[in-house]
Amino acid sequence: MRIGAIVTRIMQQMKRDKRTLALLFIAPLIILSLMYFIFNSNEPEMTLVVSNGPAPLIEKLKVVDVKVVENNDYSSALLKKEQYDGWLAFKQNNIKLTLLNDDPSSTKAVIMKLSQALQPEQASRINLKTEYVYGDENTAIFDIFSPMLTGFFVFFFVFLITGIALLKERTSGTLERLLATPIKRSEIVAGYMIGYGFFAFLQTIIIVVFGIYILDIVHVGSIWLVLLINIVVALVSLSLGALLSSFATSEFQMMQFIPLVIVPQIFFSGIFPLDNMVEWLQNIGRIMPLYYAADALNGVMYKGYAFPDIAMDLVILACFALVFIILNIISLKKYRSL
């Protein structure tokens, strides 16, 4: 009888909590659907530029599903710009293979298909020299993912800690007492952003320094740019966590935002190639802050990009933060109208 009373109370409590029920039953369906469409995306098309190549070899490359672009006046600079998988240049019996290597799995696939196209007797007579635009022959998949992971951990922990901390401020009555004073909503938001931002800044430095100097995560570009990107990411996460905390009534509800806010962004942060997805999935990915954070971090840490190369990513991230901060100010209207 007493057990039945407890069960009845829980059922009634859950029935009244519409938000929890929605997250409990709808969120898994959304994540599962995303995973279905992402894992059923098209296989990446391999593109190889061939300069002065023999027609029989070009035909064999096409047979093994390699898209061939014939261009006798090509360069490594164009390869970086056009983002093709590789460039095969023939000069008598010498072949120079330049691989972009922005994705080690695609690079290995190109090498394998080229080996299939070159007959064994031809391969023995040809001097093949291989160069890499990014990384080298020892580059692993983790070298591509690790820069993105630094940004993800900064985003995740700042979002979680800030959201829960601001939720406590509201549930404990601190926010209501502040709103009872003549202080403006914008001043409250600015104070919270600066106060919690200081600790987010320290956390960001610790994560970046630990990842690069202790775990030896690959970093070709400037560490100052890596810190700058992650600080902007922390600002986006801080403002987003503050915004979503205003829609939660408990720490449990704050945690429930993770499947809807954090998990989908992982899928669009570069772990899965966005270009291979259907167009509507690509459009979803481009409204995710972590997409731009991962692009900037991968560019600096793996490809050695300079500030001008990642400026647009930083501008977009800053716009995300600005929008979330403005929405934070507006959301305080439900507590007090100034």
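The values are calculated or read from the model by the stated rules, or taken from the named source; none is laboratory data. The structure displayed is predicted, hence computed values, not measured ones. Note that we place each Cβ from the backbone using ideal geometry, even for glycine, and neighbour counts take in every protein chain shown. Heads up: the accessible areas ignore ligands, DNA and RNA and are worked out on the full protein's heavy atoms, side chains in. Shrake-Rupley method; radii C 1.70, N 1.55, O 1.52, S 1.80 Å.
What to note about this one:
- Overall Cα dimensions of the range 122-258, principal axis frame, Å, largest first: 84, 29, 24
- The range 45-87: GluC sites (Glu not before Pro) falling in loop per DSSP and having at most 16 other Cβ within 10 Å: E45
- FRET efficiency for Y36 and S105, using Cβ-Cβ distance with R0 set to 25 Å, rounded to 0.05: 0.70
- Interchain or long-range residues, amide H under 5 Å from V50's placed H: V69, E70, N71, L88
- Between R9 and Q116, the simple label model (points 7 Å from Cα in the Cβ direction) yields a spacing of 6.5 nm.
- Nearby lysines by direct alpha-carbon distance to K184 (threshold 21 angstrom, same-chain neighbours under 8 apart not counted): K168, K333, K334
- Counting only protein heavy atoms and a 1.4 Å probe, the range 155-211 has 51 square angstrom of accessible area per residue.
- For K303, the lysines whose Cα comes closer than 26 Å to its Cα, not counting residues fewer than 8 places off in the same chain, are K67, K80, K81, K96, K108, K113, K129.
- Electrostatic dipole magnitude of the chain [Cβ: Lys, Arg +1; Asp, Glu -1; Cα centre; debye, to 20]: 1700
- Directionally averaged shadow of the chain, computed from the convex hull of its alpha-carbon atoms, nm²: 23.2
- Our estimate of slack between F247 and S76, defined as 0.36 nm per intervening residue step minus the Cα-Cα distance, is 56.5 nm.
- Per residue, the Cα convex hull of the range 55-174 amounts to 137 Å³.
- Rounded, prolate or oblate (a/c below 1.5 giving rounded, otherwise prolate when a/b exceeds b/c) for the range 226-318 by Cα gyration tensor: oblate
- Largest-first principal axis extents of the Cα set of the range 150-206 (Å): 40, 20, 13
- In the chain, the DSSP beta bridges split such that about 30 percent are antiparallel, to the nearest 5.
- DSSP-loop chymotrypsin sites (Phe, Trp or Tyr not before Pro) across the range 200-248, with at most 15 other Cβ within 10 angstrom: F247
- Carbon/sulfur fraction of accessible area - the range 192-338, other protein chains in place, 1.4 Å, %: 74
- Once all protein chains are placed together, K303 keeps about 40 Å² accessible to a 1.4 angstrom probe.
- Here the contact order of the chain, divided by its residue count and restricted to Cα pairs under 8 Å and six or more residues apart, works out to 19 percent.
- Alpha-carbon centroid distance for the pair the range 247-324 / the range 170-227, whole angstrom: 18
- Sequence-distant residues sharing a close amide H with I95 (under 5 Å, placed H): N127, L128, K129
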